[in-house]
Amino acid sequence: MIRGIRGATTVESNAGEAILEATQELLAAMIEGNGIVEEDVASVLFSATPELDDTFPAQAARRMGWTRTALMGFQEADVKQGLPNCIRVLIHWNTDKSLDEIRHVFLRKAVALRPDLMEDGS
């Protein structure tokens, strides 16, 4: 069965290396927290808010060795009250885990997006 794993993080500025480092940190936490192996991943979607245009966040997955997985990036909707400098990830993962066993990951200022999913309630 395919499950979706959500994740998000933020960066302080529109700098390519900062975007890639933050995205790698997020992906690593999502992978480790759920026990993901590339072979079981169907695809990964990446979005970035409009002001983040210095690089493709999906390149972070390639840097981590995910060279055979389908990756797609797009621009997040430009919503007035949206969280700025935000990178979001959705991993489509083939797993037998239940919805309750899936660990979604929100880092840095992105914890404000889904405080209900944070393990410590913050």
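The values are calculated or read from the model by the stated rules, or taken from the named source; none is laboratory data. Predicted, not measured: the structure shown is a model, and the values here were computed from it. Cβ: placed from backbone, ideal geometry, glycine included. Neighbour counts: every protein chain shown.
What the table below lists for this structure:
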| read-out | value |
| --- | --- |
| Qualifying residue in the range 39-49 (condition: over 28 Å from E101 (Cβ atoms) and not hydroxyl-bearing (S, T, Y)) | yes |
| Sole residue being touching a residue at least 60 places away in the same chain (Cβ under 8 Å) and over 24 Å from E17 (Cβ atoms), chosen from K80, K97 | K97 |
| Any hit, the range 50-67, residues being surrounded by fewer than 14 Cβ atoms within 10 Å (Cβ to Cβ), part of a helix (DSSP H, G or I), touching a strand residue (DSSP E or B) at 6+ places or on another chain (Cβ under 8 Å) and not aromatic (F, W, Y) | yes |
| Residue in the range 71-85 that is in contact with a helix residue (DSSP H, G or I) (Cβ under 6 Å, 6 or more places away or on another chain) and either under 12 Å from I5 (Cα atoms) or not aromatic (F, W, Y) (or both) present | yes |
| Flag if I36 is within 15 Å of the chain's Cα centre (by Cα), part of a helix (DSSP H, G or I) and without any contact (Cβ under 8 Å) to a residue 60 or more places away in the chain | no |
| Which numbered condition A15 fails, given (1) surrounded by fewer than 17 Cβ atoms within 10 Å (Cβ to Cβ); (2) under 26 Å from T95 (Cβ atoms) | (2) |
| Single residue of the range 77-105 satisfying the filter (β-branched (V, I, T) and not in a strand (DSSP E or B)) that is modelled with the lowest pLDDT | V79 |
